[in-house]
1. State the Cα centre-to-centre distance between segment 165-228 and segment 332-410 in whole Å.
2. Using alpha carbon centroids, what distance separates segment 36-53 and segment 111-155, in Å?
3. If each residue of separation counts as 0.36 nm, what is the full-extension length gain between residue 20 and residue 173 once their alpha-carbon separation is subtracted?
4. What area, in nm² and to one decimal, does the C-alpha convex hull of the chain cast on average over all directions?
5. FRET efficiency for residue 188 and residue 229, Cβ-Cβ distance as r, R0 = 35 Å, nearest 0.05?
6. With n ≥ 4 as the cut-off for DSSP H runs, can you work out [θ] at 222 nm for the chain, using -39500 (n - 2.57) per run divided by the number of residues, rounded to the nearest 500?
7. Show me the ranking of peptides 307-318, 288-299 by mean Cβ neighbours inside 10 Å, starting with the highest.
8. So how do 165-172, 260-267 stack up, highest first, on mean other-Cβ count within 10 Å?
Ligand code: HAM
């Protein structure tokens with residue numbers, strides 16, 4: 001037997017519903033913020049991520065899936081979405097659009113060779129958003145608000161929004177120097193990777209997974225103390241906007257994020273949930289004012305975020321115990337061979353009217369058909385045999401109440417639509433997430 005690759009997983013039919021619901025929330029919230037979906041390839045030339053994400057990051061150093069294609073080109077399975085979106089924006093000149101900033105969102109699989117554990121996979125999904133073309137602190141706040149609104153829509157409430165600023169190139173450079181001076185006498189006490197990071201980019205020492213919590217790193221200088229006046233002003237404006245929106249946040253002055261492209265605002269949102277284990281960060285993001293230019297595009301300041309969708313689902317499951325059920329309007333119970341084709345046609349007509357219908361394809365006995373219906377839990381069982389065919393009627397059973405009625409076949413569709421309207425206004429079919437039962 002050939003098994004799945006370590007760190008990957010299958011989404012089985014019983015679970016796809018959860019993913020579709022999550023994707024629907026993402027789409028709806030993105031519409032509210034007027035972001036449009038972009039879809040880019042899952043592999044790109046390796047150089048894009050090496051230059052975009054940064055040669056000194058753990059992602060590029062240790063985690064990318066790099067390979068040569070049959071033409072000998074170096075390609076990489078995307079480890080994140082930002083570099084690809086920026087590449088596409090440059091290639092398609094999206095930055096020249098009349099509508100600025102260009103507001104894009106995406107979701108799909110990403111690949112990182114990490115040590116798999118709950119909430120951390122080698123193939124995982126991200127939902128991300130990028131706003132290209134504005135340096136306004138208001139859009140930094142808007143991006144943080146957009147991410148928080150997704151969590152609000154999913155009713156994940158126990159969260160901590162952490163914000164910080166790294167400043168622009170000048171502030172970052174001053175900070176890096178200070179950090180280097182501070183780390184110098186202690187660097188041999190840190191892990192071997194950190195000793196390399198110290199030389200290449202001391203900022204990366206701060207997000208070391210091995211030395212996390214080490215007092216040397218906890219006491220390290222903080223980027224906020226080295227911001228230029230202009231960069232400090234930008235950050236203050238972001239904070240003012242968050243206050244105006246009424247969004248709860250904490251300034252976490254040790255937050256630096258693990259990708260090289262960040263400048264100015266950085267943020268993460270953690271969910272305070274046991275079920276997530278050590279992987280509590282649902283979303284990370286920030287401003288990246290130099291990335292577009294460094295990938296040979298124009299000078300386009302930008303800001304964005306990305307959620308880990310598996311972590312969102314783990315969080316969702318622990319706060320929202322009632323899982324939405326797969327939804328079926330009608331299950332057809334055809335009594336005997338003589339009506340098998342007629343009942344298939346009835347089902348097909350109902351589907352054309354927008355009703356979700358299923359059918360017993362195994363020609364089970366009556367008990368077997370009702371058992372299958374129990375498992376599918378439709379709103380109605382439609383019972384149809386030769387006697388009904390002769391009279392031009394069909395039996396409709398409302399599964400929840402057991403009520404049964406004989407309906408002329410020609411009125412079936414309207415009867416079902418009216419009944420659905422009654423049922424959904426008086427109670428719910430178990431997937432509305434707003435009635436008392438589902439709440
Ligand atoms: P990131 O922090 O590398 O940022 O990833 C964002 C989120 O993806 C994390 O907070 C986490 O929820 C999820 N994630 C990362 N790695 C894994 C994994 N191995 N398994 C499961 N989930 C994972 C970025 O990717 C940036 N591109 C975000 C961004 C967009 N910044 C600006 N725009």
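No lab work stands behind these numbers, since they all come straight from the coordinates. Keep in mind that what you see is a predicted model, and the values were worked out from it rather than measured. Positions of Cβ are backbone-derived with ideal geometry, glycine not excepted, and every protein chain shown enters the neighbour counts.
1. About 68 Å separates the Cα centre of segment 165-228 from the one of segment 332-410.
2. When both Cα centres are located, 16 Å separates them.
3. Working: separation 153, 0.36 × 153 = 55.08 nm, distance 4.39 nm.
Length gained between residue 20 and residue 173: 50.7 nm.
4. Numbers: hull surface 109.8 nm².
Directional mean of the projected Cα hull area for the chain stands at 27.4 nm².
5. On the way: r = 37 Å, r/R0 = 1.04.
Once rounded, the FRET efficiency stands at 0.45.
6. On the way: 14 runs with 159 residues, N = 439.
Taking each H run of at least 4 residues, the total per residue is -11000 deg cm²/dmol.
7. On the way: 307-318: 20.2, 288-299: 17.6.
Order by mean packing, descending: 307-318, 288-299.
8. Numbers: 165-172: 21.0, 260-267: 24.5.
Going by the mean number of other Cβ atoms within 10 Å, highest first, we get 260-267, 165-172.
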